[in-house]
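For reference, the structure is listed below as structure tokens.
The values are calculated or read from the model by the stated rules, or taken from the named source; none is laboratory data. Please read these numbers as outputs of a predicted model, since none were measured by experiment. Counting neighbours? That spans all protein chains shown, and the Cβs are built from the backbone with ideal geometry, glycine included. All accessible areas refer to the heavy atoms of the entire protein, side chains included, with ligands and DNA or RNA removed. Shrake-Rupley method; radii C 1.70, N 1.55, O 1.52, S 1.80 Å.
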Amino acid sequence: MLPGNSQILTCPFCGKEKEIMSLMSGNSRGLKQWSDNKQIAPMLPEISYVQKCPHCEKYYIKDRQPERYADEGCSFEQGLLTFPEMKEAFAQLAEEGFQDDKEESAVRMMLHHAYNDYYYRSGDNKDILEEDKTLFRDNALWLINNLIYDDVMKAEFYREIGDFDTARSILDAVVFEEKVTQPPKTYYDENLGEEVTEIPIDDEGDDDFLQQIASAIRQRVESSDCAVFMFEF
């Protein structure tokens, strides 16, 4: 990973500036892939699509800003938002109106990931608030109907909102060309401090890999488990 000069953002509400990280290069070494399609790569850090102004605490979309960089020096500020912050950001941005479907999809996917960060990936075993569960469900259904076209991923999102019957029906209807030869293996990784699902890859192609992911999803459907899970390649 090679950081670049800090990117300078100007708040569209109060006019004050903040500096965030920029990258000249990065790589996917150490990548963690989660079932909700979130990827975490230490050598390719995420820079938040939605930023919070540290002065007026309003939210704005980074990609609406002109690209402007400091003459020297780098920042490691990513501007990542917690789920409570992301709820505020979504409410504000939705009320203001999105410029296009791409913006709305990106913000809604951030909301989806932030919920799973807060309630599952954190490992804190928080009790899920009913209002958060409702927001998560409504948002996930929007993503299913407007963004997600892959049937296995649709089944995963239905599983995450607790609609296990729909998830099961979708998985039952998916046709794979290759037969699964190696089932996914779930184990507790002491170094990571969390459960990991290992998806073995062989020479049978992408369809077999997708089938093994579907098998891992089905295992959790049958146990009525909504939690996202991590898998390794």
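Here are the numbers for this structure:
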| read-out | value |
| --- | --- |
| Residues that are open to solvent by 80 Å² or more (accessible area, probe 1.4 Å) and closer than 25 Å to Leu93 by Cα, drawn from region 1-20 | Pro12, Phe13, Lys16, Glu17, Glu19 |
| Hey, Tyr149 without any contact (Cβ under 8 Å) to a residue 40 or more places away in the chain, open to solvent by 60 Å² or more (accessible area, probe 1.4 Å) and within 30 Å of Asp63 (Cβ to Cβ) or not | yes |
| Filtered residue count, region 33-67, keeping only those that are acidic (Asp, Glu) and open to solvent by less than 50 Å² (accessible area, probe 1.4 Å) | 1 |
| Arg168 within 14 Å of the chain's Cα centre (by Cα) and at negative phi | no |
| Region 1-59, subset of a type in the set (S, T, N, Q) and in a loop (DSSP other than H, G, I, E, B), residue nearest to Met109 (Cα to Cα) | Asn37 |
| Test: residue in region 53-63 that is under 24 Å from Leu129 (Cα atoms) and under 17 Å from the mean Cα position of the chain (by Cα) | no |
| Among residues of region 92-108, those that are under 18 Å from the mean Cα position of the chain (by Cα) and open to solvent by 80 Å² or more (accessible area, probe 1.4 Å), counted | 2 |
| Checklist (1) touching a residue at least 24 places away in the same chain (Cβ under 8 Å); (2) part of a loop (DSSP other than H, G, I, E, B) applied to Pro66, failing item | (1) |
| Any hit, region 21-32, residues being in contact with a strand residue (DSSP E or B) (Cβ under 9 Å, 6 or more places away or on another chain), modelled with pLDDT of 95 or more and surrounded by 16 or more Cβ atoms within 10 Å (Cβ to Cβ) | no |
